[in-house]
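To start, the structure itself, in structure tokens.
The values are calculated or read from the model by the stated rules, or taken from the named source; none is laboratory data. Fair warning: this is a prediction, and the values are worked out from it, not measured in the lab. Cβ sites come from the backbone with ideal geometry, for glycine too, and all protein chains shown count toward neighbours.
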Amino acid sequence: MQQNNFLLYGANGYTGELIARYASQYGLTPILAGRSESALKMLSQKLNLPYKRIDLDDEAALTSALMEVKLVIHAAGPFQYTALQMIKACLKTGRHYLDINGDIAVFEMLKKFDEAAKQANIMIMPGVGFDVVPTDCIAVWLKKQLPDSHSLKLAFASSGGGLSHGTATTMAGKLGEGGAIRLDGKIARVPLGQHPMWVDFPVATDKTKRIFTMSIPWGDISTAHFSTGIPNIETFTGVPPKAFSLLKFQGLFNWILRTNWMRGYLKRKIDAKPAGPSDEQRNKAIGYVWGQVSNAAGKTVSAGLTGPEGYTLTLHSSLIIAKKIIEGNWQPGYQTPGMVYGERLVSEVPGVKLFF
């Protein structure tokens, strides 16, 4: 086992390829893995990296590959269909589990393996990308500033960029299912976009950028509660006001959006488009993140950051965390990024500016 190796499952996907391409900057060598032999072989030749074709349902091949490394970065979504096989293999082999998931249900499912992970002496840390590193770091910092916080709002937006096939496919698979919030400690289903608001995202110490946002079911509904214990949490994303006005009628069509025909139609449309934003688009795009806590007395504290767009942040944050684990910096059990590595973890990502 080479000390700087890790298994990168889903390496031939859009985000997986980015992680593979930049791994050497962190002194890491991924073993490319996934189901597509031809795509993996092509990427292997391009990057001069080893690869293994592995089907997640092939338990023997998966456990054999994991035995060669200390950890896996699981980048093959939709994670509702892939996370369980991988986490079971990690528990069996005693290997750390990281993923770039953002699905509330998947976070909640993986949380149930906390005790098993402690017994296996491994760390389970889903959401090591844009979902949920920047927002989790902000949540942890805000909780420290106002320990009796009872409410947390988190928002993010981006200028430029776009969606990968994987992200778009996951979103298409959730169409018609509505939104979610954390209410009095429990996850509650609510209409998508139930609460719109304008957010003044900090872009400098004395300057903000006002962006219209709507509430969405982001991963922090699960993870921020685990990190902070705050019982009431809402998450928001930037959206054009005109687009939001159309969502008022979504409830009338949710039954259509949930049909296999509609989701299949959207999947075909997604597959016909580019795999994700180009390097030029990513480099020009800017990501904005904001958070605010409040307590029963009405006191509020806010914070924010700017940085690269989501995919760029994800490739760096996942590799930063993988390197920390390989160097022995980890904690057993189910964990979140901000809990283990602190609120300034995100500042290690190139281009991030904190406004704490």
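Observations, loosely collected:
- Residue match in the stretch 38-48 (condition: touching a residue at least 40 places away in the same chain (Cβ under 8 Å) and of a type in the set (S, T, N, Q)): no
- Residues in the stretch 54-82 that are buried (at least 17 other Cβ atoms within 10 Å of the Cβ), within 25 Å of ASN4 (Cβ to Cβ) and of a type outside the set (Val, Ile, Thr): LEU56, LEU62, ALA65, LEU66, LYS70, LEU71, HIS74, ALA75, ALA76.
- Whenever a residue of the stretch 17-30 is more than 13 Å from LEU43 (Cα to Cα), its partners that are at pLDDT below 95, lying with C-beta atoms within less than 8 angstrom and at least six residues away or across chains, give the pairs GLY27/ASN4; LEU28/ASN4; THR29/GLN2; THR29/ASN4.
- Of the helices (runs of 4 or more DSSP H) lying entirely inside the stretch 269-356, those containing at least 2 residues that are at pLDDT 95 or above and hydrophobic (A, V, I, L, M, F, W, C) are 310-326, 337-341.
- Close pairs from the stretch 91-115: first in contact (Cβ under 8 Å) with a residue 24 or more places away in the chain, partner assigned to a helix (DSSP H, G or I) and among the basic types (Lys, Arg), Cβ under 9 Å, at least 6 apart: PHE113/LYS88
- Residue list for the stretch 325-343, filter: among the acidic types (Asp, Glu) and either in contact with a Pro (Cβ under 7 Å, 6 or more places away or on another chain) or under 27 Å from VAL289 (Cα atoms) (or both): GLU343
- The residue that is farthest from VAL133 (Cα to Cα), among those in the stretch 280-298 that are loosely packed, with under 12 Cβ neighbours inside 10 Å and of a type outside the set (A, V, I, L, M, F, W, C), is GLY298.
- Every residue from the stretch 33-82 that is within 20 Å of MET123 (Cβ to Cβ) and of a type in the set (Ser, Thr, Tyr): THR63, THR82
- Any hit, the stretch 61-69, residues being modelled with pLDDT of 95 or more and either touching a Pro at 6+ places or on another chain (Cβ under 8 Å) or over 22 Å from LEU32 (Cα atoms) (or both): no
- Put simply, of ALA23, ALA33, ALA60, ALA76 the only residue that is assigned to a helix (DSSP H, G or I), under 17 Å from ALA322 (Cβ atoms) and assigned by TED's automatic domain parsing to the domain that holds ASP103 is ALA23.
- Qualifying residue in the stretch 70-79 (condition: touching a residue at least 60 places away in the same chain (Cβ under 8 Å) and either more than 24 Å from HIS316 (Cα to Cα) or of a type in the set (S, T, N, Q) (or both)): no
- For the stretch 98-125, taking the residues that are closer than 18 Å to ILE326 by Cβ and in contact with an Asp or Glu (Cβ under 9 Å, 6 or more places away or on another chain), the one that is surrounded by the fewest Cβ atoms within 10 Å (Cβ to Cβ) is identified as ILE124.
- Hits in the stretch 79-111 (condition: of a type in the set (D, E, K, R) and either closer than 17 Å to ALA11 by Cα or not in a helix (DSSP H, G or I) (or both)): ARG95, ASP99, ASP103
- Leading residue by the ranking (modelled with the lowest pLDDT) among those in the stretch 216-260 that are among the basic types (Lys, Arg) and under 14 Å from GLY193 (Cα atoms): LYS248
- Picking from residues in the stretch 20-46 that are hydroxyl-bearing (Ser, Thr, Tyr) and more than 17 Å from ASP58 (Cα to Cα), the one that is nearest to the chain's Cα centre (by Cα) is TYR22.
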